[in-house]
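Contents: one structure, followed by commentary.
The values are calculated or read from the model by the stated rules, or taken from the named source; none is laboratory data. Because the structure is predicted, anything quoted here is derived from the model rather than measured. Ideal geometry is used to build each Cβ from the backbone, glycine not excepted, and the neighbour counts take in all protein chains shown.
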Amino acid sequence: MRVLSGIQPTGRFHLGNYFGAIRQYIELQKHGSQDNGQAFYFIADLHALTTIRDAEELKQHTQDAALDLLALGLDPEKATLYRQSDVPEVTELTWLLMTVTQMSLLEKCVSYKDKIAKGLAADAGLFTYPVLMAADILAYDSNLVPVGQDQIQHLEVTRDIAQRFNHIYKSEVFVLPKGHVLQATSKVPGTDGEKMSKSYGNTIEIFERPKKLRKKFMSIKTDSTGVEDPKDPEACSVFTLYKLFANDEDQAALAERYRAGGMGYGEAKQTLYEKALDYFGEARERREKLEGDLNEVEEILQAGAEKARTKAREVLNRARDACGLRPRSS
Ligand code: ADP
Ligand code: TRP
C-alpha cells in the first residue's frame with residue numbers, strides 16, 4: 001500500500017501542524033517499513049509558489065520544512081522524503097490531467113473560492129492548484145492520502161480526474177486513491193484561544209528558542225479568575241495544550257490543581273512550557289545536529305527524489321501511452 005501526503009513549506013511548523021498532521025504522517029510511515037519507502041512525503045514547494053513570491057523565503061521555508069520533518073521522526077529508511085519540484089514528471093502529468101479536467105470541477109473548489117474572497121489574485125496557478133495536487137497523488141499509484149479536513153475536496157477532485165482519464169482512454173491508467181482524514185485533534189488552540197494558524201498570528205512554533213517559547217506560552221490568553229479561586233481546566237487553553245503533551249496521570253494531577261484553587265495561570269503555563277520542552281527535547285537535539293549537516297539533508301532529499309522519479313516515470317509512461325504520446329524508455 002502506498003501512503004502519500006504533501007505539506008506546504010509555509011515556515012517553521014507550529015504545534016497545530018504537529019498534532020493535527022505531522023505526528024500522524026510519521027505514525028503512518030510504518031506502512032512502508034517492509035518494502036523500504038512505500039510511504040511518500042513531499043514538500044509542496046510548487047504549490048507554495050501560489051502564495052510565496054520571494055526566492056529566499058521559499059528556499060528557507062523548504063529547508064525548514066525538511067529539517068522539522070526529519071527532526072520530528074520522519075525516517076528516510078522507512079519513508080521517502082522529497083521536494084515536489086525535484087520530480088518534473090509530476091508537472092508533465094499535470095498537463096495531461098488538465099486536458100481532461102472540467103472547468104466546473106475547479107470552479108467548485110472551496111479553498112480557491114476562499115482565497116479569492118480574501119483578496120488573493122486569481123491567477124491560473126491558484127485555479128489549477130487541485131490538478132497539480134491530483135498529479136502529485138496519481139503519479140505514484142497512491143492508495144491512501146492522509147490530509148486535514150480542508151483538503152478532502154481536493155481528493156474528490158483527484159478521484160474525479162482519474163476516473164475521467166481512465167474512462168476517456170478506456171484504460172486503467174490511474175489507481176483511485178482513498179482519503180484518510182486525519183484524526184480530529186482538529187483544533188489545537190493558539191495563544192488567543194482560537195485555532196492555531198499562521199494566518200491568525202497566534203502560533204507557537206515547535207522549535208522556537210526556549211526563551212521565546214516560554215514567552216509564547218506565558219502569553220496564552222486566560223480568564224481573570226484569581227490565584228486562590230478554583231478553576232475549570234476544560235475551559236482553559238493552557239490545559240487543552242497540556243493534554244497534548246502529558247500522560248493521563250499528569251493530566252489528572254494538573255486538573256486537580258486547577259479545581260482545588262491556589263494555583264495561578266502563570267504556574268500552569270510554566271508547567272506546560274516545561275512539559276513541551278521535554279516532549280520535543282530529543283527532536284530539538286536532532287534538529288540542531290541536522291542544522292550543522294545541511295549536506296546530509298540535501299542528500300536525503302535527492303535520494304528521495306530519485307526514488308520518487310522512478311515510480312513517477314512508470315506511471316507517466318502509462319498515461320502517455322494511453323493518450324497516444326510516445327512512451328519514453330524508463
Ligand atoms: P496554517 O493554518 O498555520 O496555515 P496549514 O493550513 O498550512 O496551517 O496546515 C497544515 C496542516 O496542519 C493541515 O493538515 C492542518 O490540518 C494542520 N493544522 C494546522 N493548524 C492546526 C490546528 N490549529 N489544529 C489542528 N491541525 C492543524
Ligand atoms: N494542498 C495540500 C495542503 O495545502 C498540500 C498538498 C499538495 C498535498 N499536494 C498534495 C497533500 C498531495 C496531499 C497530497 O495541505
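The residues of the stretch 140-156 that are buried (at least 21 other Cβ atoms within 10 Å of the Cβ) and away from ligand 1 (no atom under 13 Å from the Cβ), listed by number, are Y140, S142.
Somewhere in the stretch 11-21, is a residue buried (at least 21 other Cβ atoms within 10 Å of the Cβ), more than 15 Å from ligand 1 (Cβ to nearest atom), touching a residue at least 60 places away in the same chain (Cβ under 8 Å) and not in a helix (DSSP H, G or I)? No, that holds for no residue.
Here is a yes/no grid of residues against (1) over 17 Å from T101 (Cα atoms); (2) of a type in the set (D, E); (3) within 17 Å of the chain's Cα centre (by Cα):
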| residue | (1), (2), (3) |
| --- | --- |
| V157 | no, no, no |
| D160 | no, yes, no |
| Q163 | no, no, no |
| T191 | yes, no, no |
| R209 | yes, no, no |
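Screening S199 against (1) within 16 Å of ligand 2 (Cβ to nearest atom); (2) touching a residue at least 24 places away in the same chain (Cβ under 8 Å) leaves a single unmet condition, (2).
List every residue pair whose Cβ atoms sit under 6 Å apart, with the two residues 6 or more apart in sequence or on different chains, where the first one lies in the stretch 129-149 and is closer than 24 Å to M103 by Cβ and of a type in the set (D, E) and the second, anywhere, is outside any helix (DSSP H, G or I) and at pLDDT 95 or above. Listed by first residue and then by second, the contacts come to D136/G6. When the stretch 89-111 is filtered for residues that are closer than 28 Å to A305 by Cβ, of a type outside the set (A, V, I, L, M, F, W, C) and surrounded by 13 or more Cβ atoms within 10 Å (Cβ to Cβ), the ones remaining, listed by number, are E89, T91, E92, T94, T101, S111.
Restricting the stretch 113-131 to residues that are within 16 Å of ligand 1 (Cβ to nearest atom) and crowded, with 17+ Cβ neighbours inside 10 Å leaves a set whose member that is modelled with the lowest pLDDT is K115. All told, E208 meets the bar of being within 16 Å of ligand 1 (Cβ to nearest atom) and either part of a loop (DSSP other than H, G, I, E, B) or free of Cβ contacts under 8 Å to residues at least 24 places away in the same chain (or both).
Every residue, every condition in (1) among the small types (G, A, S); (2) surrounded by 12 or more Cβ atoms within 10 Å (Cβ to Cβ); (3) assigned by TED's automatic domain parsing to the domain that holds H14, yes or no:
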position	(1), (2), (3)
K212	no, no, no
M218	no, yes, no
A235	yes, yes, no
Y242	no, yes, no
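Yes or no: the stretch 131-147 includes at least one residue that is within 11 Å of ligand 2 (Cβ to nearest atom), in the same structural domain as I43 (by TED's automatic domain parsing), of a type in the set (F, W, Y) and part of a helix (DSSP H, G or I). Spell out how you get there, then give the answer.
Step one: of the stretch 131-147, the residues within 11 Å of ligand 2 (Cβ to nearest atom) are 131-140, 142, 144-147.
After this cut, where a residue has to be in the same structural domain as I43 (by TED's automatic domain parsing) as well, the list is 131-140, 142, 144-147.
If we keep only those that are of a type in the set (F, W, Y) as well, we get 140.
Okay, now just the ones that are also part of a helix (DSSP H, G or I), so none.
Scanning the stretch 131-147, I find no residue that is within 11 Å of ligand 2 (Cβ to nearest atom), in the same structural domain as I43 (by TED's automatic domain parsing), of a type in the set (F, W, Y) and part of a helix (DSSP H, G or I), so the answer is no.
Annotation note: of L67, L4, L46, the sole residue that is hydrophobic (A, V, I, L, M, F, W, C), closer than 26 Å to A121 by Cα, within 18 Å of the chain's Cα centre (by Cα) and not in a loop (DSSP other than H, G, I, E, B) is L46. Looking at A122, is it assigned to a loop (DSSP other than H, G, I, E, B) and touching a helix residue (DSSP H, G or I) at 6+ places or on another chain (Cβ under 9 Å)? Criteria met by A122. Of the residues making up the stretch 190-205, those that are near ligand 1 (Cβ under 9 Å from one of its atoms) and outside any loop (DSSP other than H, G, I, E, B) number 4. Pairing each residue of the stretch 245-263 that is assigned by TED's automatic domain parsing to the domain that holds E234 with any residue that is in a loop (DSSP other than H, G, I, E, B) and crowded, with 16+ Cβ neighbours inside 10 Å, provided the two are 6+ apart or on different chains, yields C-beta distances under 8 Å for L254/A246; R257/M263; Y258/K231; Y258/C236; R259/K231; G261/K231; M263/K231.
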